[in-house]
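J.: The structure follows.
The values are calculated or read from the model by the stated rules, or taken from the named source; none is laboratory data. Since we're looking at a predicted model, the values are computed, not measured. Glycine also receives a Cβ, built like all others from the backbone with ideal geometry; neighbour counts cover every protein chain displayed. The protein model used for the area step is the full one, side chains on, heavy atoms only, and it has no ligands, DNA or RNA in it. Shrake-Rupley method; radii C 1.70, N 1.55, O 1.52, S 1.80 Å.
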Amino acid sequence: MVVSATSRPGGGRGSGDPGGPPPPSGAGRGRATARLSVRLRRVGLPYLLILPALVLELLVHLIPMVIGIGMSFIKLTQFYIRNWSAAPSAGWSNYHLAVDFNGPVGRALLHSFFVTITFTVVTVALSWFLGMAGAVLMQGEFRGRGFLRALFLVPYALPVYAGVITWSFLLQRESGLINHVLVDQLHLFSDKPFWLIGQNSFFSIIVVSLWRWWPFAFLVLMAGLQNIPQDLYEASAIDGAGWTRQLRKITLPMLRPVNQVLVLVLFLWTFNDFNTPYVLFGKTAPQEADLISIHIYQSSFVTWNFGTGSAMSVLLLLFLLLVTAVYLLITSRRRSDA
Amino acid sequence: MRDPRWLKWVRIIGLGLLGLFTVLPIYVMITSSIKPLKDVQGDFHWIPTTITFSAFRDMWSTVPLAHYFVNSLIVSTIASVISVVVAIFAAYAVSRFKFAGRRVFSITVLSTQMFPGILFLLPLFLIYVNLGSAIGVDLYASRTGLIITYLTFSLPFSIWMLVGYFDSIPVALDEAAKVDGSGPVGALIRVVIPAATPGIIAVLIYAFMSAWGEVLFASVMTDESSRTLAVGLQGYATQNNVYWNQIMAASLVVSIPVVAGFLLLQRYLVQGLTAGAVK
């Protein structure tokens, strides 16, 4: 057999590493030219395999991103949409406009930024908590377990617009279920409150986002729980550890790597989420729930000012890069300490 | 693990509340779809007083729902299938080969996950508009443009998950196939893909769902002829009337394919996550 002893095939026959010594193989006795072409194929193959993914990522993500950065430096208004190479240069003025917190544009952006941060932190924390509670309580065998698991995943499976549009019906002032329960049945308010405009819209968007995102946390954490070896629990049970102790000493520490990824992904998805507020509120969100993605969309497509919108997007990306880098640095350091 | 007695009650109450929270909108969606219009415009009632299926009949004519449905189906199916094939090749390369740029490729692909969609929506919109007029390929407001866009959305997550999945398949299996005379691609097709079927199905569901539910790009990149359900459902709210019963009926109908598919195949998603992503 010519199977290489290394666990990764990269070191063996399929090696694309030009520095590695040629492994002993059946083809090794062929003529030099044939060997060269085989070698070229081997080196080129991984690139050929990633080529389609690379081209698509370049076309839809990376090139547009570079263009987006370029757009943030020009005065791209509705007059130049069809012929945007003719748009006059703007220098840093789009950025000045976006971060001038005394001006109306900058102030609105800052406000939207803080609304989004608060919204994201609350939603991620609660999503994680509900997902964790659900996954832990679903441990063990009991009747209806399979049904409940399927049920909990339905909000995640539903298309955003279908789920969220139903919430907007529930939250209608006159005909919605929420006011019917709170006002008509529980008599908590004397007058029917508005849920989709004004102060309350912030709570509405949190509840709706939570409803959509906690099943994802639940799904990932359930998969994570399945990977914890059962004998850990059995051994600790013999040592007399109770349920709470097992949760603290086994379940939570074992889930830490899963949690690290889950929280980051939830943070980025919630922070960037456009679909939920857009379907719930429409093109212009109420002040109190003016999430950043809707805000930028509104500044770009409703007012047709793409330059400023791009500058805002670039600032947003820089912020997310910073948060992700710091987060990865902290979590990986903690992991190497442990 | 022996459960204490109190845990039983925590479980019943905890799971009960979660179940209630989950089910509330679904209950309203179903019951409101069989109410007549006047019953969804007045005070809310838990139990429908009059049951009618007229909303399920009228929803096809209030907006061209069937047309949007077909658009969504074409776009989501093609995008998810291509995306999975592309992801399989890329994940195989990352999992089985050491090549210069491997780490850069993985990191670049994953980092696109954190880009706000709005950041490349504007440039992509302009690229599609200008490319259309320059070379005569209709990308803006066409299903082709939407397919290309959507298939890249699920790509990073798909590649990431499949790399994890492929890594968990013993390399000895590939080697055995190669001894039998297959090249690396033969080993991928004959050994790795069959062994990774649960992961591939999971990725396919994910890709289809994300395309079926996408709103932002659909709202900017489509016109009447290429409009998908995500935007089309907003047509039930006209200036004079909001047909809530038809909205609920249509939401129900457009959700059934994805929810049914998801629930049938969810164990693959959990398996795929267990083997790959959360390992």
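J.: Please go through the stretch A:211-237 and pick out each residue that is open to solvent by 70 Å² or more (accessible area, probe 1.4 Å) and either aromatic (Phe, Trp, Tyr) or away from every other protein chain (no Cβ under 11 Å) (or both).
T.: The answer is A:231, and nothing else.
J.: Additional query: State all residues of the stretch A:87-99 that are part of a helix (DSSP H, G or I) and either open to solvent by 70 Å² or more (accessible area, probe 1.4 Å) or β-branched (Val, Ile, Thr) (or both); if no residue qualifies, say none.
T.: A:96, A:97, A:99 - these are the residues of the stretch A:87-99 that are part of a helix (DSSP H, G or I) and either open to solvent by 70 Å² or more (accessible area, probe 1.4 Å) or β-branched (Val, Ile, Thr) (or both).
J.: Name the one entry in A:139, A:185 that is within 8 Å of another protein chain (Cβ to nearest Cβ) and open to solvent by 20 Å² or more (accessible area, probe 1.4 Å).
T.: A:139
J.: Output the residue which, of all residues in the stretch A:244-267 that are open to solvent by 40 Å² or more (accessible area, probe 1.4 Å) and over 19 Å from the mean Cα position of the chain (by Cα), is nearest to residue A:198 (Cα to Cα).
T.: So the residue we want is A:252.
J.: Select from the stretch A:166-182 the residues that are facing another protein chain (nearest Cβ under 7 Å) and outside any helix (DSSP H, G or I) and list them in ascending order.
T.: The answer is A:175, A:176.
J.: I'd like the residue in the stretch B:248-279 that is among the hydrophobic types (A, V, I, L, M, F, W, C), closer than 20 Å to residue B:54 by Cα and in contact (Cβ under 8 Å) with a residue 60 or more places away in the chain and, out of all such residues, is farthest from the other protein chains (Cβ to nearest Cβ).
T.: Here the answer is B:249.
J.: Restricting to the stretch A:224-249, name every residue that is in contact (Cβ under 8 Å) with a residue 12 or more places away in the chain and in a helix (DSSP H, G or I).
T.: Scanning the stretch A:224-249 gives A:224, A:225, A:232, A:233, A:236, A:246, A:247, A:249.
J.: Exactly one condition in (1) of a type in the set (Val, Ile, Thr); (2) open to solvent by less than 60 Å² (accessible area, probe 1.4 Å); (3) out of contact with any Leu (no Cβ under 6 Å at 6 or more places or on another chain) is not met by residue A:308; state its number.
T.: (3)
J.: Still on this structure: Looking at B:82, B:74, B:135, B:78, which one is more than 20 Å from the chain's Cα centre (by Cα), among the aliphatic types (A, V, I, L, M) and more than 7 Å from chain A (Cβ to nearest Cβ)?
T.: None of the other options fit; the residue is B:135.
J.: To continue, here is another question. Can residue B:40 be described as open to solvent by less than 30 Å² (accessible area, probe 1.4 Å), of a type in the set (Val, Ile, Thr), away from chain A (no Cβ under 11 Å) and more than 30 Å from residue A:228 (Cβ to Cβ)?
T.: Taking the combined requirement at face value, the residue does not satisfy it.
J.: Something else about it: Restricting the search to the stretch B:161-170, which residues are open to solvent by 30 Å² or more (accessible area, probe 1.4 Å) and part of a helix (DSSP H, G or I)?
T.: Once the filter is applied, which keeps residues that are open to solvent by 30 Å² or more (accessible area, probe 1.4 Å) and part of a helix (DSSP H, G or I), the stretch B:161-170 yields only B:167.
J.: Among A:270, A:276, A:284, which is over 17 Å from the mean Cα position of the chain (by Cα) and of a type in the set (Ser, Thr, Tyr)?
T.: That would be A:284, the only listed residue that is over 17 Å from the mean Cα position of the chain (by Cα) and of a type in the set (Ser, Thr, Tyr).
J.: Next question, about the same structure. Evaluate the following for residue B:129: is it touching a Lys or Arg at 6+ places or on another chain (Cβ under 8 Å) and closer than 26 Å to residue B:233 by Cβ?
T.: Yes: the conditions hold for residue B:129.
Listed here are the residues, each with its yes/no results for (1) surrounded by 24 or more Cβ atoms within 10 Å (Cβ to Cβ); (2) in a loop (DSSP other than H, G, I, E, B).
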{"site": "B:29", "(1), (2)": "no, no"}
{"site": "B:50", "(1), (2)": "no, yes"}
{"site": "B:79", "(1), (2)": "yes, no"}
{"site": "B:90", "(1), (2)": "yes, no"}
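J.: Restricting to the stretch A:274-292, name every residue that is open to solvent by less than 20 Å² (accessible area, probe 1.4 Å), in contact (Cβ under 8 Å) with a residue 40 or more places away in the chain and in a helix (DSSP H, G or I).
T.: A:276, A:277, A:280, A:289, A:292
J.: Scan the stretch B:120-160 residue by residue and report those that are more than 23 Å from residue A:313 (Cα to Cα), among the hydroxyl-bearing types (Ser, Thr, Tyr) and open to solvent by less than 20 Å² (accessible area, probe 1.4 Å).
T.: Within the stretch B:120-160, B:142, B:158 meet the criteria.
J.: Let me ask something else. Tally up the residues in the stretch B:212-230 that are closer than 21 Å to residue B:123 by Cα, at the interface with chain A (Cβ under 10 Å from one of its Cβ atoms) and assigned to a helix (DSSP H, G or I), please.
T.: The number of residues fulfilling the criteria is 5.
J.: Sticking with this structure for a sec: Does any residue of the stretch A:188-195 turn out to be open to solvent by less than 30 Å² (accessible area, probe 1.4 Å) and under 26 Å from residue B:212 (Cα atoms)?
T.: No, every residue in the stretch A:188-195 fails to be open to solvent by less than 30 Å² (accessible area, probe 1.4 Å) and under 26 Å from residue B:212 (Cα atoms).
J.: Looking at B:69, B:21, B:56, B:105, can you tell me which residue is within 23 Å of residue A:62 (Cα to Cα) and buried (at least 16 other Cβ atoms within 10 Å of the Cβ)?
T.: B:105
J.: Of a type outside the set (Val, Ile, Thr), at positive phi and out of contact with any Asp or Glu (no Cβ under 8 Å at 6 or more places or on another chain): which single residue out of A:70, A:144, A:134 fits that description?
T.: A:144
J.: From (1) open to solvent by less than 50 Å² (accessible area, probe 1.4 Å); (2) out of contact with any helix residue (DSSP H, G or I) (no Cβ under 6 Å at 6 or more places or on another chain), pick out the condition that doesn't hold for residue A:102.
T.: Of everything listed in (1) open to solvent by less than 50 Å² (accessible area, probe 1.4 Å); (2) out of contact with any helix residue (DSSP H, G or I) (no Cβ under 6 Å at 6 or more places or on another chain), residue A:102 misses just condition (1).
J.: Let me ask something else. Those residues that are of a type in the set (Ser, Thr, Tyr) and more than 7 Å from chain B (Cβ to nearest Cβ), I need them from the stretch A:146-165; list them, please.
T.: A:156, the sole residue that qualifies.
J.: Further question: Any residue in the stretch B:181-201 that is surrounded by fewer than 21 Cβ atoms within 10 Å (Cβ to Cβ), within 11 Å of chain A (Cβ to nearest Cβ), polar (S, T, N, Q) and in contact with a helix residue (DSSP H, G or I) (Cβ under 7 Å, 6 or more places away or on another chain)?
T.: The answer is no; no qualifying residue exists.
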